[in-house]
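Participant: Structure provided below as structure tokens; questions to follow.
What follows draws every value from the coordinates through simple rules; no lab data is involved. Nothing here was measured: the structure is a model prediction, and the numbers come from that model. Quick reminder, even Gly has a Cβ in these numbers, built from the backbone with ideal geometry, and neighbours come from all protein chains shown.
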Amino acid sequence: MNYDELRGRSELSAAKKEFEDLLSSRAWGQLMRVMQAQIDGLQQEILFSPITSPEKLYDLERKKGKLEGKLELEGTVQGILAEIEVNLKQAIERGVDDETA
């Protein structure tokens, strides 16, 4: 779903609530704890693994990519929520409601 296309206040409010519910859910908290443990493990491996061969260097670069991907997850969800909040604020300022959207 493209959140830029949501114009009505009720649509934007519902989308915002869905993401707030996601971020405050137990499942999200559990997922973030698991992700943090994986991130910590990857960071340790990246920092302390000796590079003794081209294969080890390749493996290190692969781990860096995995780390970056894991770090992006929460940022992406937070970014979507921020975008929805901005769009909702703009809709309110313009006086857009569901009938005029």
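Participant: Place a +1 charge on the Cβ of each Lys and Arg in the chain and a -1 charge on the Cβ of each Asp and Glu, then give the dipole magnitude about the Cα centre in debye, rounded to the nearest 20. Kindly include the intermediate steps, with their values, before the conclusion.
Facilitator: Working: 14 positive and 20 negative charges, 91 e Å.
Once rounded to the nearest 20, the dipole reads 440 debye.
Participant: In degrees, nearest 10, range 0 to 90: what is the angle between the Cα axis of helix 26-48 and the longest Cα principal axis of the chain?
Facilitator: 30
Participant: Around GLU61, with a cut-off of 13 angstrom between Cβ atoms, what is the net charge of the other residues, counting Lys and Arg +1 and Asp and Glu -1? Each step should come with its number before you reach the end.
Facilitator: Working: positive: LYS56, ARG62, LYS63, LYS64, LYS66; negative: GLU45, GLU55, ASP59, GLU68.
Charge balance in the 13 Å sphere: +1.
Participant: Additional query: Quickly rank 83-95, 48-60 as a protection proxy: mean count of other C-beta atoms within 10 Å, highest first.
Facilitator: In descending order of packing, they fall as 83-95, 48-60.
Participant: Got a sec? Charge dipole of the chain, +1 on Cβ for Lys and Arg, -1 for Asp and Glu; which of GLY8, PHE48, ALA37 is way out at the positive end?
Facilitator: Positive-most Cα among the choices belongs to PHE48.
Participant: Expressed in nm to one decimal, what extension gain is obtained for the pair MET35 and SER10 from 0.36 nm per residue of sequence separation less their Cα-Cα distance?
Facilitator: Using 0.36 nm per residue and subtracting the Cα-Cα distance, I get 5.7 nm.
Participant: Okay, helix-only estimate at 222 nm for the chain: each DSSP H run of n ≥ 4 adds -39500 (n - 2.57), divide by all residues, round to 500 deg cm²/dmol; what do you get? The partial results should precede the final answer.
Facilitator: Working: 3 runs with 80 residues, N = 101.
Rounded to the nearest 500, the figure is -28500 deg cm²/dmol.
Participant: If one puts a single equal scatterer on every Cα of the chain and applies the Debye formula without solvent, what log₁₀ I(q)/I(0) results at q = 0.16 Å⁻¹?
Facilitator: Summing over Cα pairs of the chain leads to -0.76.
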